[in-house]
1. Using only the alpha-carbon atoms, what does region A:179-294 span along each of its principal axes? Please give whole angstrom values in decreasing order.
2. Give the cross-link partners of A:Lys251 among the lysines, using a straight C-alpha distance below 26 Å as the criterion and excluding same-chain residues fewer than 8 apart.
3. Return the calculated 222 nm mean residue ellipticity for chain A, to the nearest 500 deg cm²/dmol, obtained by summing -39500 (n - 2.57) across DSSP H runs with n ≥ 4 and dividing by the residue count.
4. Over region B:137-176, what per residue volume does the convex hull of the Cα atoms give, in whole Å³?
5. What is the sum of charges around A:Asp124, taking Lys and Arg as +1, Asp and Glu as -1, for the other residues whose C-beta is under 13 Å from the C-beta of A:Asp124?
6. Once you have a ≥ b ≥ c as the square roots of the Cα gyration tensor eigenvalues for chain A, tell me rounded if a/c is under 1.5, and otherwise prolate or oblate according to whether a/b is larger than b/c.
7. With only Lys, Arg, Asp and Glu charged, each at its Cβ (+1 for the first two, -1 for the last two), find how big the charge dipole of region B:92-174 is about the Cα centre; round to the nearest 20 debye.
8. How about region B:68-176: which GluC sites (Glu not before Pro) there are in a DSSP loop, with at most 14 other Cβ atoms within 10 Å of their Cβ?
Amino acid sequence: MNNFVYIRAENSQRALNALWETNNAKFLGGGTNLVDLMRERIEQPDAVIDITRLPMNQITELPDGGLRVGALVRNSHLAAHPLIRDRYRVLSQAILMGASAQLRNMATTGGNLMQRTRCYYFYDSAARCNKRTPGSGCDAIDGFNRIHAILGASSQCVATHPSDMCVAMAALDAVVRVTGKNGERSIPITEFHRLPSDTPSQDTNLNPDELITAVDLPNFPDARKSLYRKVRDRASYAFALVSVAAVLDVKGGRIQNARLALGGVAHRPWRATAAEQFLLHRPAEEKTFREAAELELQAAKPLAHNGFKVELAKRTIVDVLMELAGKAEVQ
Amino acid sequence: MDSPLAAHSVTLHVNGREHKLQLEARVSLLDALREHIGLTGTKKGCNQGACGACTVLVNGERINSCFALAVQYDGMKITTIEGLADANGLHPLQQAFVKHDGFQCGYCTPGQICSAAAMIEEFRGGAPSAVTELEAKDIEFSDLEIQERMSGNLCRCGAYVGINEAIRDAFEVLSR
Ligand SMILES: Cc1cc2nc3c(=O)[nH]c(=O)nc-3n(C[C@H](O)[C@H](O)[C@H](O)COP(=O)(O)OP(=O)(O)OC[C@H]3O[C@@H](n4cnc5c(N)ncnc54)[C@H](O)[C@@H]3O)c2cc1C
Ligand code: FES
Ligand code: FES
C-alpha cells in the first residue's frame, strides 16, 4: 500500500475542511472496503480522513415517526437495534445476511452506501475496466460474467452493486442526507446510486465535496410486513447472486401496497417499479406474483454466463411474496 | 516540521499492557501486533477480510485486524489470543478447543477463539443473526446459530465439527 497522510477529524466541519483543502482525499469509515482497495492500489488517496470519531453514530426518532441513522452507525448496531428490528425488519435481515460479524462490527452506514463493486475485473489491475480506468474497455462483457448485471447495464460496464443494506433501503424509500460546500441536501436512495451508462467510474451522485451524514428511514408502518431473501453460492459470508427486499400489505386477499427491490442484478439496487404497479389491487396469489416478476424481468439482458439470474430473480420474487402473503393470511 | 507522511505516535492497550509505537499510517493493526509488538498469536490468512484468522477484540467487539489501520485504533483496548488466559489457566474456549480437537494445523484457531469469545457475548446481549427469528424473545444457542455467527472464520483444514462442539461446550461452562 502506498503511504498517505492520515487526518483524524473530531467533527464534521473539520472533516469537510480537510476534504476541501486536501487534494485527492478519502474519508475512512470501517475501512473494510477502502483499505482493501488501497492495498490493491485501486484506490490511491494522498490523504485519508478518519471520520470514525465523529459523533454521527446515533439512531434517533424523527418527529414524523421515521428514524435517522447516523452515517457512522455500525452495520451490526443498526441490524440489532430494537426499533429497526421492529419497524424495518427487512433492513435488519439484509444487513445480517451481509459479510461477517467481524466486518459488520467495522462497517459503517456511510461506507456501506459507498462500497464499490466486486467485479473481478475491477479488482484485477491487469484487466481492462472502465470503472477503474475510464476509457480502457471492459473485460467482463466478453469475459467470465457470472456475477454481473442483467438489468440496466451499458456497453461500457456490466458491474453490479454489492450491498445488501442498500437493497432493503431502496424498498423502504430511505433518504441519504449529505453536507457539502453548498450546505445540506437530501438524496432519495433510489437516486443515490447510478446506472453505468457512459460514466461507469462514477458509482453514485454524491459530489466529491460532500460527506454523508445520515440516512433517514421514513415512517412506514407496512414495513413491519417485510422480508429479505438472498441467494448465494454458500449459506453465509458470500455476496448475493440475486436478492429480494419486499414489503407487502394485503387486505381481503388483495394487495394494498407492494415494494420490491432487487440486489445482485444491476449497477444499483434495482427498485422494481413495474412489478409494484402491476401488483397493486390484484389478488395476492402465486399467479399475480409470477406475472409481476415476468413483467419486471422483461427488460433483462443476460450475458454469456449469468442467464440463470433471470429465472432466479423471478423465482425469488415469487417466493418472497408468497411468504409475505402467507403471513398476511395467518394474521 | 515533520513530513505529513512521517510516523504517528500510536498508543495501543493490548491485553492490559500499554504499547507506545511510532507507526506509518498504512500499518495495519494486524502488522502492528505481529511485527511491532511481537504478539504473533494473531494470524494473517488472506489480508483481505475473507478468512477471519486476524480476528481480535476491540473494546470487546470482534473485528478483522487486517482491515484496521493501527493509527485509527489509537488509545483503544485490544484483546488478542495471548490475552484470554488468566491466573486460573486457559480460557474455557481454549480448554474446549483442546478437548474437542477444534483444529488440525491450528492456523485459524486464534481467530476462531477470539471470534467465539465475542460471539458468546453478542449472543448473551440478545444480538440477532441472519438465522434468528427477529420476533423471538429467546434465542436458542443452536448449531445453526453457532455456524451462522461463526461464518466469518474459515478453517482450511475443515475442523468445523470440533470447533462447533468446542464452542457449544465452552458456552455451557461459561453459562454456569
Ligand atoms: C470478505 C467480504 C465480504 C463482504 N460481504 C458483503 C455482503 O455479503 N454484503 C454486503 O452488503 N457487503 C459485503 N461486504 C462489504 C461491506 O459491507 C463493506 O465493505 C462495508 O459496508 C463498507 O463500510 P466501511 O465503513 O468499512 O467503508 P470504508 O471502507 O471505510 O469506506 C468505503 C468508501 O466509502 C467512503 N465513505 C465512508 N463513509 C463515508 C461518508 N460518511 N461520507 C462519504 N463517503 C464515505 C470512503 O471514502 C470509501 O470510499 C463484504 C466485504 C468483505 C471484505
Ligand atoms: S487475514 Fe484478516 S480476514 Fe483474513
Ligand atoms: S485448523 Fe487448519 S485452518 Fe483451521
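1. Principal-axis extents of the Cα atoms in region A:179-294, largest first: 51, 35, 29 Å.
2. Hits, sequence-local ones excluded: A:Lys225, A:Lys287, A:Lys314, A:Lys327.
3. The helix contribution divided over chain A gives -8500 deg cm²/dmol.
4. Here the figure is 73 Å³ per residue.
5. Within the 13 Å Cβ shell, the charges total +3.
6. oblate
7. In debye, rounded to 20, region B:92-174 gives about 380.
8. B:Glu133, B:Glu135, B:Glu140
Where a number appears in this text, it was derived from the coordinates with a stated rule and is not lab data. Since we're looking at a predicted model, the values are computed, not measured. Virtual Cβ from ideal backbone geometry, glycine too; neighbours counted across all protein chains shown.
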